[in-house]
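Below is one structure; the comments refer to it alone.
Bear in mind these aren't lab numbers, they're just calculated from the coordinates by the rules spelled out. This is a predicted model, so every value here is computed, not measured. Because the Cβ atoms are built from the backbone with ideal geometry, glycine has one as well, and the counts that use them run over all protein chains shown.
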Amino acid sequence: MPHIIIDGYNYIHRTRSSNIPADTNLDMIRRAFLDKFVQYKKQKGVRITVVFDAYNSFSTGRQRENYKGIDVVYSRENETADDVMIGWIREKKAGMVIVTSDRAIIDEAKRCGVAFIVPAKLEMMIFQAGISKDEEAVEEEVYSVRKKGNPRKLPKKLRKASKVISKI
């Protein structure tokens with residue numbers, strides 16, 4: 001079963017059509033965001049973990065909560081969500097798909113051979129939830145690489161990534 005790990009605030013800021021005003025209740029935005037993924041989890045049967053920054057908090061340890069079946073992790077003091085996600089990427093657990101547009105996280109995922117997609121692409125996949133994608137389309141969504149070898153066969157890393165992404 002695929003495990004989708006989402007950079008929470010990165011996703012929220014990248015998919016909103018306008019900037020979030022300073023006086024907005026961030027908790028309400030987080031809950032609406034999580035409710036959308038509760039529905040996606042029910043429909044697709046995937047495991048979802050959302051990581052939020054709690055960088056300026058006074059918590060000495062990571063805070064975890066379960067929101068209607070979705071794992072929510074808040075980073076500890078002096079730690080960012082990026083640090084948490086990069087640590088998980090280095091563990092290379094099978095079936096993991098990273099959702100972020102943060103360049104450092106994407107570069108680490110590429111280096112470790114972990115599948116990733118950007119928030120806008122996952123938004124589109126949620127919107128088109130019933131549409132299946134062929135292997136070539138998934139390859140373009142993950143990342144483009146100069147091909148060597150058999151032109152009719154995807155590189156091993158892309159085959160693995162497209163197999164995981166096709167399940168979400």
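Quick notes
- Taking other C-beta atoms within 10 angstrom as a stand-in for reagent exposure, Tyr9, Tyr67 fall in the order Tyr67, Tyr9, fewest first.
- Taking label points 7 Å from Cα along the Cα-to-Cβ direction, Lys68 and Asn25 give a separation of 1.6 nm.
- Around the amide H of Phe116, modelled in the peptide plane, lie the amide H atoms of Ile98, all under 5 Å away and 5 or more residues distant in sequence or on another chain.
- Separation of the Gln39 and Ser166 label points, Cα + 7 Å toward Cβ, nm: 2.8 nm
- When you count the other C-beta atoms within 10 angstrom of each residue and take the mean per peptide, 102-112, 43-53 line up highest first as 43-53, 102-112.
- Among the listed pairs Lys42/Lys160; Lys92/Lys153; Lys36/Lys92; Lys44/Lys121, a Cα-Cα separation exceeding 20 Å is found for Lys42/Lys160; Lys92/Lys153; Lys36/Lys92.
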